[in-house]
Amino acid sequence: MPEPNHKALAHLMAGVTRSVLWEAWSESTHQGPPARLHCRAGRGRATYHRFHPHSNRHEIVFGALMVADKQMPDRGENWLSTREVRRRAYWNGEVSTLNLLAHTCCHEFAHLQQHCIGQRHYGQVHNPAFYQLLDGLHASGAADEVRRQLERQARAQQLQIDAQPWPAPAARTLQSLFQPGDHVRFGQGKHLKTGRIVKINRRTCTVEGMGRIAGRRYRVPGPLLEKISRQ
């Protein structure tokens, strides 16, 4: 269950994404936005952009448990956004909770832009077109403004959002977080699944389903796994 601070920060990220990124981008096109945008907080880790063609509406969800992960280096190190900040030298490669949350807003908005220019393809989501858009959000100063607004509004709402840089990471691997035989769960709501880790890969774990999904196997990214006690 996410803590109130995590859910409130996810709400804040949704508001800043709309007020800073969506509105500025709409104005820069000199035409109305191509569709409507609904930004919201979710309860789990799932953080994503989705387009609903029947209603001509974009949806961006920021998971409260994603926010929780990015307040803890041992879990935050497993997210793609952390690797992007370091490898692409956003904010000089400095990783902090504030930088990660601001970058996450930009990451999901770049997916929205990617969809609008017809460059989002199945199996090729994080492609060169996506990173060109993401780099542009940082180079233009938009990412800096997102960061400023998150910090200012969090302070005004008395929400904790740490700007202190994380220490350089040790060599963290999934092997240091999980072991074969661990019982885990992943997914949310009606899609929640439980299983047992049978193999640990570089970035994913192979999970054998239990209960209603017994016999099925899934490759699940480390940040989406939650260890559970055995019954």
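Assorted remarks:
- Test: residue in segment 103-125 that is in contact (Cβ under 8 Å) with a residue 24 or more places away in the chain and over 23 Å from Arg40 (Cα atoms): no
- Enumeration of residues in segment 176-222 that are surrounded by fewer than 16 Cβ atoms within 10 Å (Cβ to Cβ), among the aliphatic types (A, V, I, L, M) and part of a loop (DSSP other than H, G, I, E, B): Leu192, Ala214
- Of the listed requirements (1) crowded, with 19+ Cβ neighbours inside 10 Å; (2) within 27 Å of Cys116 (Cα to Cα), His6 misses just one: (2).
- Residue match in segment 151-163 (condition: more than 27 Å from Asn5 (Cα to Cα) and either modelled with pLDDT of 95 or more or over 19 Å from the mean Cα position of the chain (by Cα) (or both)): no
- The set of residues from segment 114-140 being assigned to a helix (DSSP H, G or I) and hydrophobic (A, V, I, L, M, F, W, C) comprises Cys116, Ala129, Phe130, Leu133, Leu134, Leu137, Ala139.
- Taking the criterion of being among the small types (Gly, Ala, Ser) and within 20 Å of Thr47 (Cα to Cα), the residues of segment 80-101 that qualify are Ser81, Ser96.
Residue-wise test of (1) buried (at least 17 other Cβ atoms within 10 Å of the Cβ); (2) within 26 Å of Leu225 (Cβ to Cβ).
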residue: Met13; (1), (2): yes, yes
residue: Leu37; (1), (2): yes, no
residue: Arg40; (1), (2): no, yes
residue: Ala89; (1), (2): no, no
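The values are calculated or read from the model by the stated rules, or taken from the named source; none is laboratory data. None of the values given here were measured: they were computed from a predicted structure. Here the Cβ is made from the backbone with ideal geometry for all residues, glycine too, and neighbour counts use every protein chain on show.
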